[in-house]
Amino acid sequence: MSTIKTAIFPGSFDPFTKGHQDIVIRSLKLFDRIIIAIGHNTAKRRYFELDFMCQKIKETFSDLQNVEVVVYDELTASIAAQYDADYLVRGLRNTTDFEYENTIAQVNKNLKKDLDTVFLITSPEYAFISSSIIREVHRYGGDVSKYLPYTL
Ligand code: ADP
């Protein structure tokens, strides 16, 4: 077992929000290294371009050497194995998140038995921020800058 505690923070991040940023920063108190893994399902169309978002997330954490950004199109359990990570980090905002997260955490554990998911409850100021709402506001020309840690 590696002495460096690595966690994967997987997600679509379409787009990456201040809510996501908050989860990463708080995770750094628990883990030595956080890999932000952008899940890229080639069958699904993104709203924000993958390369663009990858660049923006890298920019957001450019001063933190223990935060890395990768893109993956495989099982989350496989990417965890690749990076020698025994933990996944996910955020919880409400019971809807919980229902969904509970299922995927069980599936991931079944796929890789030493893989545990650690949940961080959203900070209240970010509880209402979701990527899907940001996409809707942006689509209709609304200002989303205050929800994002970078400029579009
Ligand atoms: P996915 O498509 O895999 O659900 P998302 O990019 O939507 O990926 O979210 C990644 C993770 O971040 C999920 O665990 C989600 O619940 C969490 N998350 C999203 N928004 C927030 C927020 N505002 N506060 C805390 N956690 C959040």
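The values are calculated or read from the model by the stated rules, or taken from the named source; none is laboratory data. All values reported here derive from a predicted model rather than from experimental measurement. No Cβ is skipped: glycine too gets one built from the backbone with ideal geometry, and neighbour counts run over all protein chains shown. All accessible areas refer to the heavy atoms of the entire protein, side chains included, with ligands and DNA or RNA removed. Shrake-Rupley method; radii C 1.70, N 1.55, O 1.52, S 1.80 Å.
Would you tally the residues in segment 95-113 being of a type in the set (Asp, Glu) and surrounded by 10 or more Cβ atoms within 10 Å (Cβ to Cβ)?
2
Looking at Lys109, Lys44, Lys113, Lys58, which is the one that is closer than 22 Å to Lys146 by Cβ and among the basic types (Lys, Arg)?
So the residue among Lys109, Lys44, Lys113, Lys58 that is closer than 22 Å to Lys146 by Cβ and among the basic types (Lys, Arg) is Lys58.
Given the conditions (1) over 17 Å from the mean Cα position of the chain (by Cα); (2) in contact (Cβ under 8 Å) with a residue 24 or more places away in the chain; (3) within 13 Å of the ligand (Cβ to nearest atom), report the number of the one that Val107 does not fulfil.
(2)
For segment 116-152, which positions are of a type in the set (A, V, I, L, M, F, W, C), open to solvent by less than 60 Å² (accessible area, probe 1.4 Å) and closer than 20 Å to Arg26 by Cβ?
Val118, Leu120, Ala127, Ile129, Leu148
Within the bounds of segment 56-69, is there any residue that is at pLDDT 95 or above and within 10 Å of the ligand (Cβ to nearest atom)?
No, segment 56-69 contains no residue that is at pLDDT 95 or above and within 10 Å of the ligand (Cβ to nearest atom).
Which ones in segment 121-136 are hydrophobic (A, V, I, L, M, F, W, C) and more than 7 Å from the ligand (Cβ to nearest atom)? Reasoning before the result, please.
From segment 121-136, those hydrophobic (A, V, I, L, M, F, W, C) are 121, 127-129, 133-134; that's our starting set.
Residues satisfying the conditions are Ile121, Phe128, Ile133, Ile134.
Quick check on my filter: what residues within segment 1-32 are assigned to a loop (DSSP other than H, G, I, E, B), more than 10 Å from the ligand (Cβ to nearest atom) and in contact with a Leu (Cβ under 8 Å, 6 or more places away or on another chain)? Can you show your working first?
Taking segment 1-32 as the starting set, the residues that turn out to be assigned to a loop (DSSP other than H, G, I, E, B) are 1-5, 12-17, 28-32.
Filter once more, keeping what is more than 10 Å from the ligand (Cβ to nearest atom): 1-5, 28-32.
If the condition is that a residue be assigned to a loop (DSSP other than H, G, I, E, B), more than 10 Å from the ligand (Cβ to nearest atom) and in contact with a Leu (Cβ under 8 Å, 6 or more places away or on another chain), then Lys5, Leu28 are the ones that fit.
Considering only residues that are among the acidic types (Asp, Glu) and open to solvent by less than 50 Å² (accessible area, probe 1.4 Å), which ones fall in segment 1-37? Steps first, answer last, please.
So the first thing to find is which residues in segment 1-37 are among the acidic types (Asp, Glu), and the list is 14, 22, 32.
Across segment 1-37, the qualifying residues are Asp14, Asp22.
Can you tell me which residue is surrounded by the fewest Cβ atoms within 10 Å (Cβ to Cβ) among those in segment 38-64 that are in contact (Cβ under 8 Å) with a residue 40 or more places away in the chain and among the β-branched types (Val, Ile, Thr)?
Filtering segment 38-64 for residues that are in contact (Cβ under 8 Å) with a residue 40 or more places away in the chain and among the β-branched types (Val, Ile, Thr), the one surrounded by the fewest Cβ atoms within 10 Å (Cβ to Cβ) comes out as Thr60.
So, in segment 81-92, exactly how many residues are at negative phi and out of contact with any Phe, Trp or Tyr (no Cβ under 8 Å at 6 or more places or on another chain)?
So the count comes out to 5.
If I filter segment 80-94 down to residues being touching a strand residue (DSSP E or B) at 6+ places or on another chain (Cβ under 8 Å), more than 7 Å from the ligand (Cβ to nearest atom) and open to solvent by 20 Å² or more (accessible area, probe 1.4 Å), which single residue comes out as nearest to Leu148 (Cα to Cα)?
Taking the candidates together, the pick is Tyr87.
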